[in-house]
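The structure appears right after this line, and notes come after that.
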């Protein structure tokens, strides 16, 4: 036990040094995920998957509370289904994994070697679902006959595949996990209400569970889901001042109902097409959580979603006292594990590995566990614990009586959750600017000095709230010149919403809408 | 409300008339699943998926209680990975969905029309995972360096694809949902212990949650998982007297560790290959549940896994009293919904649809909900409910005081769970025969009269417990002649275990092991 300890410290590089590389290193050091040998596909490691399970549990409860039921539809979509909605196939055709054969047999490979090669060619290729509107639409067409069958409110938890050319763990991967809600309604108004309701659920989840402030509103046509009449989104503000589209809710009108032939007899016995919606969030949210909360020491987890709320690190240097220390810690673990916290019990890891104390502490800091308890014989003598909070500096520790800690742990976690939200909120506020001239707009998004690729936050400007006349060509030109797009036309009640009259800052056109512009992921 | 009611009654055909068709009709009438237009892929409908979610929740808790953590690995397996383990690829090559292209572009289709065709050919084809030993092995090889990293205990919930030629809802589908446990250990003994432990978890789940009695033991070489050293299984007994392999646990030895290069430094700093296991159950279990419990009226759900324990059917014929009846029912629903039952709350559906009472009752009978409560103004006057249990006849109803029902509902459900298990257990006992001569064996599995395809139970014999010398050629011949195989070499403690000396009933060889023979799914 007197061996020198190889204490691993903070993340290299820091955010300021190289933000993109910092992100990858946080994902790695926190053991959230890693790249696989399969192009663009990630392995979600246990700590990352437990986080996703907690997110799923909270979201799933919200979906069920709003009347939705889960179901499961085929992974494969016949090519002819995808072709049914013209804009839809246009949007996804360039990034599809295509199944063309259904077995392997010995043969000559592309490189001339003998080995197994695809055989049993399919008459019609199958697409690995990039999203399921068309395959779920085929079921809806069977399930919906009468107005009595509506609304039909379905959600699916699934994997989807989009063959992205540039991938990045969680943020953009070829395969990702998500949920996709699909609903059908008798009227336009009901479908629009559903679209708005689920957008509100996403905003609630992002803010109150992930501690990630979001703006919410509609997308411009350029950013719309292929085939949708209107796309709504939640947009989160990352530490490098870029925006992240964190969830979308689509009003699909009757486009997909017509493509899939979802029809019903209304109360007057008239045959009508249904009105449909779809909405989804994905493992991308984990990327957003990292870029909202992580720091130069690694991950920082919002307590309400953390796979473990607390880690107990027993000090076992004295072999005589080690069994007593361990037993005391196990008892504490058990007692804490009986406390309710946001729909589950407080989860406590006890790390008794034979590993240097400094290594251990840093591993848990990097993993982002909210509370660390270091407990040795002297703490036990005083019936107290030595507590460190992940949202404070790594050396800031506090002795607390055991009973007091047990009585206040829920409140401490709540305080951390709130502090994380407030910090992110303040960061967004500090880098959001109301802009009224094109010159100011350009300056806001233009670095004042030459910058290197991946250089830190300040080069990206932030959220610019600026009035815009809605012209698509203008938006395309701004995107081209500055890499900046309209992230969101805020809804009433959203951050950035302002309905007072304004002139377009680019054209001077009157009655322009104030929208949120930013660079984005 | 005086319209004639179109009352749908029992399943057509009955089990005795056409067992295979009866099965399909139960799945359909219970709204558990349906076929999709994608060959061999099913749609799991909300009632079926909720059942799967309950099964997942119980199993997941058991996996976590035995130290396993969930993670997620890529859907796609490079062909070269699959080729690493010779027996493994041999076992799966004939039924693989193969991804060969990564986009679509306009071109000439096979039928001469112009449309989208596969483009962007991959250098190496990707296989949609039929099982994940090889892709998970690649991660394990990175994660395992030292004995300190072992045991590595991972589980994955996922979809898998096997291009089966003859499919059947739940029992055999091209895509299915499952969990696959994958573990790595430092010693053979530990890996063997893990294999046995998870087999016991499966048996526990089948018997105590699904109310489905199982025998458990090892497979003969012919039925072994491709690449495994030994495969263990749980085998359930269906109402048509066939056996269903309901779960498997594989001891993989060092085969996959060698194929994937999973090596560790042991305590003596010697580099060794790890010992691995894998184990899985799938949505096939739902097929087993149906064929164990469903009757000629439709599905019968074991209370511990039922998506809803109770359905309340308010009698709303009198429009003046309807609001009062509804409110009374809602209050009851809420109160019942606060009662704990096996890790969740009692779940209560309130079916207030404007639909004939007879139709409604039969829909819920077919869905298999354990308890139906019919409640009208007169019941409310007496502060009582009219209760029907799914395991009794459809007309057997009982008036119970509201307070008594609330106080005893948990006990009633427990009683039903036990009754279902006992009934299945008795059915298996009635059709299990200890057989000591080949003539008796052949007679047991040979119908006494000409039978039609899919005809009922009695043609399949049942479980024959018969001593066998272990010769693979003999087993192959019996399979060929009678369609009967060794389902399981029972472990100590299993149904059918008998270690007393016996001679092979086919060859007379001494010291033969008594094994379970049956026809199977």
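For a test of the definition: using alpha carbon positions, the gyration tensor, and the 1.5 limit on a/c, classify segment A:358-443 as rounded, prolate or oblate. Note, shape of segment A:358-443 comes out prolate. For peptide B:35-41, the mean count of partner chain Cβ atoms within 10 Å of a residue's Cβ comes to 6. Shape of segment A:1-88 from its Cα gyration tensor (a ≥ b ≥ c, root eigenvalues): rounded if a/c is under 1.5, otherwise prolate when a/b > b/c, or oblate? It comes out prolate by the Cα gyration axes. Taking Cα centroids, how far is segment A:120-173 from segment B:457-495 in Å? Answer, in whole Å: 43.
Rg/Rh, computed from the Cα trace of segment B:432-518 with Rh as the Kirkwood radius, has the value 0.98. Testing the spin-label approximation: label points 7 Å from Cα along Cα→Cβ at residue B:189 and residue A:318. State their distance in nm. About 3.5 nm separates the two model spin labels.
Would you please give the FRET efficiency between residue A:146 and residue A:492, computed as 1/(1 + (r/R0)^6) with r the Cβ-Cβ distance and R0 = 35 Å, to the nearest 0.05? Using R0 = 35 Å, I get an efficiency of 0.50.
Mind jotting down the distance between the C-alpha centroids of segment B:304-381 and segment A:244-305, whole Å? Cα centroid to Cα centroid, the span is 32 Å. When each of the peptides B:350-363, A:71-84 is scored by how many other beta carbons lie within 10 Å of its residues on average, the order from highest to lowest is A:71-84, B:350-363. With everything on Cα atoms, drop me the angle between helix A:284-293 and the longest principal axis of chain A, reported from 0 to 90° to the nearest 10. Here the helix axis deviates by roughly 50 degrees.
Its DSSP H runs of at least 4 residues, each contributing -39,500 (n - 2.57), put the calculated 222 nm mean residue ellipticity of the protein assembly as shown at -10000 deg cm²/dmol, to the nearest 500. Between residue A:80 and residue A:507, the distance separating the two model label sites (each 7 Å from Cα on the Cα→Cβ line) works out to 4.4 nm. Computed packing ranks the peptides B:209-218, A:41-50 as B:209-218, A:41-50, most packed first, by mean other Cβ atoms within 10 Å. Between residue B:87 and residue B:481, the simple spin-label model (points 7 angstrom out along Cα→Cβ) gives 2.7 nm.
Using only Cα coordinates, the Kirkwood hydrodynamic radius of segment A:310-415 works out to 13.9 Å.
The calculated FRET efficiency for the pair residue A:408 and residue A:14, based on their C-beta separation and a Förster distance of 35 Å, comes to about 0.60. Relative to the longest principal axis of the Cα atoms of chain A, the long axis of helix A:472-482 makes an angle of roughly 40 degrees.
Annotation for residue A:340, label-to-label distances across the other copies: 1.1 nm (shortest first, one decimal, point 7 Å from Cα along Cα→Cβ).
Calculated from the alpha-carbon coordinates, the protein assembly as shown shows an Rg and a Dmax of 30.7, 100 Å respectively. Ordered shortest first, which distances in nm separate the 7 Å Cα→C-beta label point of residue A:31 from those of the other copies? Between copies, matching label points for residue A:31 lie 4.4 nm apart.
Peptide A:76-83 has a mean shielding of 4, counted as Cβ atoms of other protein chains within 10 Å of each residue's Cβ. In segment B:310-422, the DSSP beta bridges split such that about 60 percent are antiparallel, to the nearest 5.
For the residues of A:114-126, the average number of beta carbons from a partner chain within 10 Å of their own beta carbon is 5.
Sorted shortest first, the separations between the residue B:109 label point and its copies elsewhere in the assembly read 3.3 nm; each point sits 7 Å from Cα along the Cα-to-Cβ line.
The Kirkwood hydrodynamic radius of segment A:363-517, based on inverse pair distances between different Cα atoms, is 19.4 Å. Sorting the segments B:267-274, B:420-427, B:305-312, B:102-109 by their residues' average number of neighbouring beta-carbon atoms within 10 angstrom, most packed first, yields B:305-312, B:420-427, B:102-109, B:267-274.
Here is the P(r) of segment A:228-366: all C-alpha pair distances, binned every 5 Å from 0, give 2, 8, 11, 11, 11, 10, 9, 8, 7, 6, 5, 4, 3, 2, 1, 0, 0 in whole percents. By how many degrees, 0 to 90 and rounded to 10, does the Cα axis of helix A:402-430 deviate from the longest principal axis of chain A? So the inclination is approximately 50 degrees. Rounded to the nearest 5, what is the percent of antiparallel bridges among the DSSP beta bridges in chain B? In chain B, DSSP labels about 85 percent of beta bridges as antiparallel. Note: relative contact order over chain A, using C-alpha pairs below 8 Å and six or more positions apart, is 16 percent.
Between residue A:111 and residue A:472, the contour length at 0.36 nm per residue exceeds the alpha carbon distance by 125.2 nm. Extension gain for residue A:204 to residue A:334 (0.36 nm times residue separation, less C-alpha to C-alpha distance): 43.6 nm.
Share of pairwise Cα-Cα distances greater than 45 Å in chain B is 23 percent (whole percent).
Quick note: the coordinates plus some simple rules give every number you see, no bench work behind them. The model shown is predicted, which means the values in this text are computed figures rather than measured ones. Note: ideal-geometry Cβ built from the backbone for every residue, glycine included; neighbour counts use all protein chains shown.
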